[in-house]
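Derivation of every value follows stated rules applied to the coordinates shown; laboratory data play no part. Keep in mind it's a predicted model, so treat the numbers as computed, not measured. Positions of Cβ are backbone-derived with ideal geometry, glycine not excepted, and every protein chain shown enters the neighbour counts.
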Amino acid sequence: MYSGTFRGLSFCSALCSLLLLLLTGCGHGKKDHEYRIGFSQCIGSDMWRQTMLQEMKMELSLHPGAKFIYKDADGDNNRQIEQVNEMLKEGVDILIISPNEAEPLTPVVEKVYNSGIPVVVLDRKTSTQQYTAYVGADNYQVGKIAGEYIASLSDSPIDLAEITGLAGSSPAMERERGFMDGIAGKANVKLKVKVHGNWLRSVAISQLDKVKDQLKDVNYIFAHNDVMAAGARAFLNQLAPHRPIKIVGVDALPGQGGGLQMVSDGVLNASLLYPTGGKEAIETAFHILNNEPFNKLNIMQSLAIDSANVQLMKLQWNRINSQQHDIESQRSLLQEQRIVYNNQKIIMNIIVITLVLAIVFGGLAFFSLIENRKANRSLEAKNQEILAQRNQLVEMSAKADAANEAKFNFFTNISHEFRTPLTLILSPLDEMLKDDGKHGSENRSLKVIQQNAFRLLGLVNQLLDYRKLEYDNQKVKVSENDIVGFARKITDSFRHHAQKLNVNMIVTNEAKVIKSWFDPLMLDKVFFNLIANALKFSNQKGTVRINIRKDQDKAVLIEVQDNGLGMSREDAEQVFDQFYQADHAPILGSGIGLTLTKQIVTLHHGTIEVKSEKWRGSTFTVSLPLGHAHFSDSQLLHQTPVLPDVAERSRTYTADLDQLPDVAKGDVLSKPKEYSVLIVEDNPDLLHYLEEKLSEHFEIYKAANGISALQSAIERVPDLIISDVVLPELSGKGLCERLKSDFRTSHIPVILLTAQNSLEQQISGIHAMADAYLTKPFDIGYLLATMQGLIKNRMKLKERFTSDNESSEKAPIAKTLDHKFVNDFLGIVEQNLGNENFDVEEICSLLSISRVQLYRKVKALLGCSVADYILNRRLKRAKYLLTNSNKSIAEITYEIGFSNPNYFSTVFKSKYNSTPSEFRRQHLISS
Ligand code: FRU
């Protein structure tokens, strides 16, 4: 499904890109290149040139892509040069220029032309041919038509005044020339006055004013443009208002204030049509830019307009104007239509795209709907499954809870049930113990019963307390009491046991009385537990310290410290966990005591912590907050509480501390110190602990290093050796190897005891020929069981050596050295059976060992004394000779090393319940 979605998404993104392309692509029709067209105007302020600009813009509107850059030099040559250079710098694709004066502007126009930019010269010219195209009327013709027209007006004398344009501009020069040619040869026409009007009305008036005296006879004026002509009319209207002077101008612009209007109004008598060429200049520019054919010279026609044709011209112009308007409005209409069309195209595209997208997304939606349905169905199935499993779990956990509850109820009930019989056992037991008329063993048995009954009662009580706290949410009822006195009382109840255990109990308190709020019927269990544990795990002659002090007036701290067994860090971390038992579990108990202790401290809003170090002891610290603000009102008891009978309540805790008399165990350990053990340990605490625990069952020898252990083993030949691995002088493994390779000690089982608990370490211990390898912390019970097992094995070995069964005598002995010893010993004995002087001294000297070593070795390997073994072998030999030879009793007596047949007979009878002769007879009868 995911791959499907991914495919769908990538398809969508591709589709979107395509649509975006369509959207961005549409709305743009065919577009002109973005040409930059520069136009440098010599002067832009007069009406003629404004008309020219308007025509240009109109034409440009047909080329929306083009950029039109327009600069007006305001009749200043230098400024125009500067502006052309600017345009060159900014970058134009073509330059249209109407130069102010020909000569000064020529170099810059040539520069542009030579730089590869086409130049269209408009209306006025430069003085060379270095341009791309020219647009404008033929100014010579304009001047000539003007001259001929004026000359044709009258046969009477025509005294002329000419007002020229700017002297350096080409139209002025050409019109002047044409005008002179137009009037040439006309006898009645005389040019009387000539002034330079610079194309401007004001200049024309001021120049006429300067020559006004010469104007007296002038009856015709030709001005190079209508602006100057109108100025001349105004001037003359003032100078000689009644003189009929005819004025002819150039331009004949249509519209308000234009030449046509002035002719029509009689301000001017005639005007020569002079088209601006704006439209044509733009047309030519685009031909050039688009590489289309064009004419270099584009000359526009001119004609004289006077009262005879002015109306026609006006009409014509109005028509053209209205047509122009129509074109304009159609153009804008077209533009609008185009915009509408483009918009519609966009909308259309959007609709198409939306439709396509809708179909695509619809398909995708449908696809994912199907996938979703599938996924939902499988999810629903899974949900159902989970729900069913959950219900099952809930049901199971409810059942488990109920079963747990039932179990706890059963335990609680049975615990309650236990209490009555226990009380009924304990009360008469008390009576019986008080009775003096019993002998020692009876009294001891009763004490054992009492001790165990109390222990059982203690366990039952703890179980019930645990139940109350854990399941019934028992609340504390606190009252204000002196915690020092309370703690001392409890401690005193242990004094007797501490003395018996040889443990020194010290209570220290910084203040005589410390008032604090607690529930005495609960808190006593905390003290009982902690002190009983401290005593239990103390060494003989150890010390238990109880210290009570305030912690900055905020809490009271009770520390119970012992210097006994201690715990590993892992044990210390878990010691308050429910039912946790440390590695010395058999002496710790049920594991419920410290859990209860912590619960009770927590109910008092206090804390309990333990610091412990293996073989160095433990310190339990209880901290209880002072005051009663942390208890609710319902928990406070304000009357003085009845304090519990501490001595009585402590009995279940002290029961564990009583020294248990030996009970018959039916194993090797129950025999009174028949076996000896050599303990090799350099840690005095552990050595002391092991001695204490093992001395009950074994004769103990001790050594603190490997060398003294080796000496002790050779001298004393113990039945078993327990050795630490890491030892000064000679390691436990080294010791083991030395012992096993010396035939005097090779038979002694060795247990290595070490903190190195890796598998490799254990294997290397076994390679050193250790019989067992125990890691610390070890369980004393497990150690005893191991010892017992090894001794039992040794006993089995003895049985093999000493058995009457001949075949078992040949059973292989695991250890070569022991095998060799037994063989040597048996060989010597067999060889000397007939030697009546044969004794232990002789064997010792033959085997090069001491009497003690011989005795111990034979005892260890064969399970009997040397003398017993020799006697046994002699009697067995006698038995053989009695049944398999005809030798007389006397002969047999000497052959087996007896000197006296009577003594032989007595000894034989004591062993086989019949005299040698009776034995022979019985054998003969049976065979
Ligand atoms: C306008 C104008 C026109 C004239 C032309 C000659 O600036 O003076 O009146 O016909 O320039 O270039």
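Work out from phi, with θ = phi - 60° and the Karplus expression 6.51 cos²θ - 1.76 cosθ + 1.60, the ³J(HN,Hα) of each residue of region 488-498, listed in order in whole Hz, and give x for Gly and Pro.
4, 4, 5, 4, 4, 5, 9, 4, 4, 5, 4
Express the relative contact order of region 455-657 as a whole percentage, based on alpha carbon pairs under 8 Å and six or more residues apart in sequence. Mind showing how you got there, number by number?
Working: 358 pairs, mean separation 55.2, N = 203.
Averaging sequence separation for qualifying contacts and normalising by length gives 27 percent for region 455-657.
Stretch D492-H325 to full length: gain in nm at 0.36 nm per residue minus the Cα-Cα span?
This chain segment gains 47.2 nm when fully extended.
Considering Cα pairs under 8 angstrom that are at least six residues apart, work out the relative contact order of the chain and quote it in whole percent.
It comes to 6 percent, rounded to a whole number.
Rounded to whole Å, give me the distance from the Cα center of region 155-194 to that of region 849-873.
174 Å
Using the basic label-point model (7 angstrom from Cα toward the beta carbon), what is the V840 to K611 distance in nanometres?
With each label point 7 Å from Cα toward Cβ, the separation is 5.8 nm.
Quick check: convex hull over the Cα atoms of region 676-797, volume per residue in Å³, rounded to an integer?
Here the figure is 93 Å³ per residue.
So what J values fall out for region 598-608 if you push phi through Karplus, 6.51 cos²θ - 1.76 cosθ + 1.60 with θ = phi - 60°, rounded to Hz, Gly and Pro as x?
Result, rounded to whole Hz: 5, 4, 5, 4, 5, 4, 8, 6, x, 10, 9.
Give the long-range amide H neighbours of V507: residues separated by 5 or more places, or on another chain, with amide H under 5 Å away, using H modelled in the peptide plane at 1.01 Å from N.
For V507, the qualifying residues are I546.
Could you pull out every one of the lysines with an alpha carbon less than 21 Å from that of K71, ignoring same-chain neighbours closer than 8 positions?
Leaving aside lysines fewer than 8 places away in the same chain, those within reach of K71 are K57, K89, K111, K125, K279.
On a 0 to 90 degree scale, rounded to 10, what angle separates helix 520-536 from the longest Cα axis of the chain?
Roughly 70 degrees between the two axes.
Out of residues 5 or more away from L272 or on other chains, whose amide H comes under 5 Å of its own, with H placed 1.01 Å from N in the peptide plane?
Amide H neighbours of L272: G249, V250, D251, A252, I305.
Rounded to the nearest 20 Debye, what is the dipole magnitude of the chain about its Cα centre when Lys and Arg each give +1 and Asp and Glu each give -1 at the C-beta?
1920 debye
Once you have the Cα-Cα distance between D74 and D682, take 0.36 nm times their residue separation minus that, and quote the gain in nm to one decimal.
Difference between extended and current length: 206.7 nm.
For the chain, what does the helix formula give at 222 nm: sum of -39500 (n - 2.57) over DSSP H segments with n ≥ 4, over the residue count, nearest 500 deg cm²/dmol?
Taking each H run of at least 4 residues, the total per residue is -18500 deg cm²/dmol.
So in the chain, what percent of DSSP beta bridges are antiparallel if you round to the nearest 5?
30 percent
Going by alpha carbons, how many degrees (0 to 90, nearest 10) lie between the helix axis of 170-183 and the longest principal axis of the chain?
Taking the Cα atoms of the chain, the angle to 170-183 is about 20 degrees.
With respect to the cross-link table entries K512/K598; K876/K909; K468/K554; K500/K541; K144/K216; K512/K554, which display a Cα-Cα separation exceeding 19 Å?
Values: K512/K598 26 Å; K876/K909 13 Å; K468/K554 29 Å; K500/K541 10 Å; K144/K216 25 Å; K512/K554 17 Å.
From the list (K512/K598; K876/K909; K468/K554; K500/K541; K144/K216; K512/K554), the Cα-Cα distance tops 19 Å for K512/K598; K468/K554; K144/K216.
Given that compact globular proteins tend to follow 2.2 N^0.38 Å, what is the ratio of the alpha-carbon Rg of region 455-657 to that value?
Cα Rg divided by the expected 2.2 N^0.38 Å: 0.97.
How about K733: which lysines have a C-alpha closer than 30 Å to its C-alpha, ignoring those fewer than 8 places off in the same chain?
The reachable lysines, counting only those whose Cα sits under 30 Å from K733, are K614, K673, K693, K702, K776, K792, K796, K798, K815, K820, K857, K859.
Using r as the Cβ-Cβ distance of E470 and H767, and R0 as 56 Å, what FRET efficiency do you calculate, to the nearest 0.05?
It comes to 0.65.
I need the shape label for region 147-269. Rule: rounded when a/c is under 1.5, else prolate if a/b > b/c, else oblate, with a, b, c from the alpha carbon gyration tensor.
Rounded shape, in that the Cα axes give a/c under 1.5.
Distances over 22 Å make up what percent of all Cα-Cα pairs in region 816-926?
The share of Cα pairs beyond 22 Å in region 816-926 comes to 37 percent.
By how many degrees, 0 to 90 and rounded to 10, does the Cα axis of helix 2-25 deviate from the longest principal axis of the chain?
For helix 2-25, the angle is close to 10 degrees.
Could you list the trypsin sites (Lys or Arg not before Pro) in region 177-272 that lie in coil according to DSSP, counting only those with at most 14 other Cβ atoms within 10 Å of their Cβ? List each step's numbers first, then the result.
On the way: sites: R177, K186, K190, K192, K194, R201, K210, K212, K216, R233, K246; in loops: K186, K216.
Passing sites in region 177-272 are K216.
Show me, bin by bin at 10 Å from 0, the whole-percent P(r) of the chain based on Cα pairs.
In order of increasing distance, the bins hold 2, 8, 10, 9, 7, 6, 5, 4, 4, 3, 4, 5, 7, 7, 6, 5, 3, 2, 1, 1, 0, 0 percent.
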